Structures are given as structure tokens and as C-alpha cells.
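Heads up, the thing below is written out as C-alpha cells.
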Amino acid sequence: DHQSVALQGTIVRRLVLDEVARFAPPEPAAEAIMEEVAAMRARAGAGFDALVLATGLDEAKLRQLARETLRIRAYVAQRFGTTAQVTVEEARKYYEEHPEEFTRDGVRMPFEQSEGEARQRASAERLRVTIDQWVQDLSKRAEVVIVGGGPAR
């Protein structure tokens, strides 16, 4: 259900922030925090006011969330890099496994025209898998106790 997914997301975020705190990436600039706050508001769109009411967010908490998000991004970029180099073969494999991503107006673009995009997408996929594994490893190492309940492992 929605509450369970939200709780799991909050737990994962806390585990990641604990790991980030161990390595202390640089503090984000105030301007970057405000830009992230604006992006968060834009993503929430018309539902922002309802979200604020439902969660009790205020400006200080919103800035804190934005700061934490930027610190997580900085840590992930430092630890894993922003891209993972992939070979032509890996790019071709991604191209073959995701034909819909390389189809324009009902026509599949030849690999030769799509290689750059296929490399970028395969690289992003590899990075996502690496980060997902890292988060799973963090979860396995942690003991999470939900107040009012038992361990959440």
C-alpha cells in the first residue's frame, strides 16, 4: 500500500543519509538549496499545498530536505561517478533490449544513429543498478526499528 511504500522510502533515505554523513560531502551552496526547493515545488505541482498539509512541511523542513537531497547527489557522484563507461557491445545490447526507446514516428532508428543515446542509457542503467545494489547492502547491514513495532527487516 501507499503508506508502506512511503515508509520504506523514508527508511532507505535515512540509511543513505547516515552513510553520507560518514563521508561528509561538501555543504551545498544556499543558492543550490533554493533551486532544489523550487524543483521540489515544481515536481509536486498543484498537489504541493496538500502535501504540506498532510506532512506538516514548513519552509525550514523543505530546505532541509533539499539540502539532504543535494548531499546525497554529491556523495553518489563522488562514490560512483556520474556515468559508467560502456562498450559498444553493451550499448548494442541495450539498444536491442529496449527497441521502443529508439523508435521515432513508428520507425526504429538504426543502431549507428542511436549508438550515442544507447551508450548514455546503458550507462545510466548500469549506474542505477550499482546504486540499487549499494542501497540493498546498506539495508542488509542496518537494523531498522519502527517505533511502535518491531524490527522492519
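The values are calculated or read from the model by the stated rules, or taken from the named source; none is laboratory data. Predicted model, so just to flag it, every value in this text is computed and none were measured. All Cβ positions, even for glycine, are placed from backbone atoms using ideal geometry, and neighbour counts span all protein chains on display. Surface accessibility is based on the protein's heavy atoms, side chains included, excluding ligands, DNA and RNA. Shrake-Rupley method; radii C 1.70, N 1.55, O 1.52, S 1.80 Å.
Some notes on this structure:
- Taking a ≥ b ≥ c as the square roots of the Cα gyration tensor eigenvalues, the range 1-42 comes out oblate, since a/c reaches at least 1.5 and a/b does not exceed b/c.
- Relative to the 2.2 N^0.38 Å rule of thumb, the range 92-137 has a C-alpha radius of gyration ratio of 1.36.
- The label point for Ala77 and the one for Asp58, both projected 7 Å from the Cα toward the Cβ, are 3.1 nm apart.
- When all protein chains stay in place and ligands, DNA and RNA are ignored, the 1.4 Å accessible-area order of Ser4, Ser139, largest first, is Ser4, Ser139.
- Here the Karplus relation 6.51 cos²θ - 1.76 cosθ + 1.60, evaluated at θ = phi - 60°, turns the backbone of the range 119-129 into coupling constants of 4, 4, 5, 5, 5, 4, 5, 4, 4, 4, 4 Hz, with x for every Gly and Pro.
- Sulfur and carbon atoms: percent of accessible area, the chain [1.4 Å]: 56
- log₁₀ of I(q)/I(0) at q = 0.14, 0.17 Å⁻¹ - the range 1-127, Debye sum with one point per alpha carbon: -0.87, -1.00
- Annotation: per residue accessible area for the range 1-94 equals 66 Å², rounded to a whole number [probe 1.4 Å, protein chains only].
- For Ile131, the accessible area of its heavy atoms, probed at 1.4 Å with every protein chain present, is near 40 square angstrom.
- For the range 24-41, the Karplus equation 6.51 cos²θ - 1.76 cosθ + 1.60, evaluated at θ = phi - 60°, returns couplings of 6, x, x, 5, x, 5, 4, 5, 5, 5, 5, 5, 5, 4, 4, 5, 5, 4 Hz by residue, with Gly and Pro reported as x.
- In nm, spacing of pseudo-spin labels at Ala50 and Glu100 (7 Å Cα→C-beta vector): 2.7
- Rolling a 1.4 Å probe over the protein heavy atoms leaves Glu117 with an accessible area of roughly 50 Å².
- Over the chain: helical MRE at 222 nm, DSSP H runs n ≥ 4 each giving -39500 (n - 2.57), nearest 500: -24000 deg cm²/dmol
- Karplus-derived 3J(HN,Hα), 6.51/-1.76/1.60, for each residue of the range 89-100, Hz, glycine and proline x: 4, 5, 5, 5, 4, 4, 4, 5, 7, 10, x, 5
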